[in-house]
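Visitor: First the structure, then my questions, so here it is.
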Amino acid sequence: MQIPHPWNLSPEAAIALQHELAQHIILEDQVGEVRYIAGVDMAIHEEHNMAQAAVVLLSFPDLEIVERHIYEEPIQMPYVPGLLSFREAPSVLGAIRKLRQKPDLVMVDGQGIAHPRRIGIGAHLGLWLNIPTIGCAKSLLVGHYDKEALGEEAGSWVPLIYKKEVIGAMVRTRTRVNPMIISPGHLISLETSIRYVLACSKGYRLPEPTRQADKLSKDKTWIEPEAPEQPTLWS
DNA sequence: GCGACAG
DNA sequence: ATCTTGTCGC
């Protein structure tokens with residue numbers, strides 16, 4: 001395949017690459033036993049043009065924090081709707097590289113395949129890592145759904161439709177709170193994606209992996225602990 | 001041509 | 001994403 005590939009591309013080249021990569025996304029479950037779930041997110045310090053990516057590894061189904069890491073680097077690309085992965089993925093991957101334990105599943109802050117070309121940052125990261133991923137977004141990029149059909153209780157959900165196809169689901173992770181936009185990333189089905197997201201929801205809108213990563217990415221007092229450990233043997 | 005538009 | 005205090009509701 002064309003992985004690895006450069007990230008600093010022109011909008012035209014990035015879109016062309018997405019069309020190529022989307023062909024390789026697998027939506028059948030290839031999720032083995034899940035012991036560790038990672039959550040990733042990123043914050044930006046506009047003034048210094050710095051990105052602060054964070055990854056938090058949780059045990060499953062306990063959801064206890066096992067590892068937390070931050071990775072910082074200058075932001076390279078601007079934000080362009082539909083091309084978010086080219087702006088955030090490099091930094092997120094930097095944070096993931098610090099994990100000592102390989103995650104069995106990764107939850108990403110953004111769309112999975114609920115994307116114009118079916119390859120949001122969640123799906124893109126899954127392809128790059130060859131690990132099952134789920135896109136957990138807080139707002140819609142594309143698609144429509146039946147608001148009336150979505151129950152108010154935590155656990156209810158309705159399919160997200162785009163061009164006559166089911167690309168994800170609006171999932172109520174908390175009663176009477178705006179639903180999360182859930183879509184499979186890679187190596188996982190929509191049904192399984194929803195199942196894991198709900199299994200990771202602890203009374204907050206964001207599922208634990210993403211919620212913890214979001215919090216850590218915004219933390220300004222976090223000090224990355226020493227890494228006298230051995231290099232990761234999985235990446 | 002006119003909106004919509006993850007983070 | 002980020003700018004930002006108090007405030008309404010479960």
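The numbers here are math on the coordinates, done by the rules we state, and not lab data. Every value quoted in this text rests on a predicted model; they were computed, and no experiment measured them. Note: ideal-geometry Cβ built from the backbone for every residue, glycine included; neighbour counts use all protein chains shown.
Visitor: To the nearest 20 debye, what is the magnitude of the charge dipole of segment A:11-63 about its Cα centre, counting +1 on the Cβ of each Lys and Arg and -1 on the Cβ of each Asp and Glu?
Guide: Charge dipole, segment A:11-63, about its Cα centre: 120 debye, nearest 20.
Visitor: Using only the alpha carbons, work out the radius of gyration and Dmax of segment A:151-209 in angstrom.
Guide: Over segment A:151-209's Cα set, Rg and Dmax evaluate to 11.0, 33 Å.
Visitor: Pick out, from A:His186, A:Pro225, A:Gly168, the residue whose Cα sits farthest towards the positive end of the charge dipole of segment A:150-235, with +1 on the Cβ of Lys and Arg and -1 on the Cβ of Asp and Glu.
Guide: Farthest along the dipole direction, towards plus: A:Gly168.
Visitor: Reachable lysines from A:Lys164, Cα under 18 Å, same-chain residues fewer than 8 places away excluded?
Guide: List returned: A:Lys147.
Visitor: May I ask you to list the GluC sites (Glu not before Pro) in segment A:1-48 that are in a DSSP loop and have at most 14 other Cβ atoms within 10 Å of their Cβ?
Guide: Qualifying residues, ordered by number: A:Glu28, A:Glu33.
Visitor: If I build a Gaussian network model for chain A, linking alpha-carbon pairs within less than 10 angstrom, which residue out of A:Leu105, A:Leu63, A:Leu206 has the largest mean-square fluctuation?
Guide: The residue with the greatest mean-square fluctuation here is A:Leu63.
Visitor: Moving to a separate point now. Of all beta bridges DSSP finds with both residues in chain A, what is the antiparallel percent, to the nearest 5?
Guide: 85 percent
Visitor: Each residue of segment A:66-80 in order: what ³J(HN,Hα) in whole Hz does its phi give by Karplus 6.51 cos²θ - 1.76 cosθ + 1.60, θ = phi - 60°, with x for Gly and Pro?
Guide: Rounded to whole hertz, the list is 9, 8, 9, 9, 10, 9, 10, 6, x, 6, 9, 10, x, 8, 10.
Visitor: In vacuum, with every alpha carbon of segment A:21-77 counted as one equal point scatterer, what does the Debye formula give for log10 I(q)/I(0) at q = 0.14, 0.27, 0.29 Å⁻¹? Two decimals, please.
Guide: Rounded to two decimals, the profile gives -0.62, -0.97, -1.03.
Visitor: Quick one: compute the contact order of segment A:14-218, relative version, from alpha carbon pairs under 8 angstrom and 6+ residues apart, as a percent.
Guide: 24 percent
Visitor: Please report the spacing between the Cα centers of segment A:15-49 and segment A:187-223 in Å, no decimals.
Guide: 14 Å
Visitor: For labels at A:Asn130 and A:Arg195 in the simple 7 Å Cα→Cβ model, what's the distance in nm?
Guide: 2.5 nm
Visitor: In 5 Å bins starting at 0, how do the alpha-carbon pair distances of chain A split up by percent?
Guide: Whole-percent P(r) values from 0 Å outward: 1, 7, 15, 19, 21, 17, 12, 6, 2, 0, 0.
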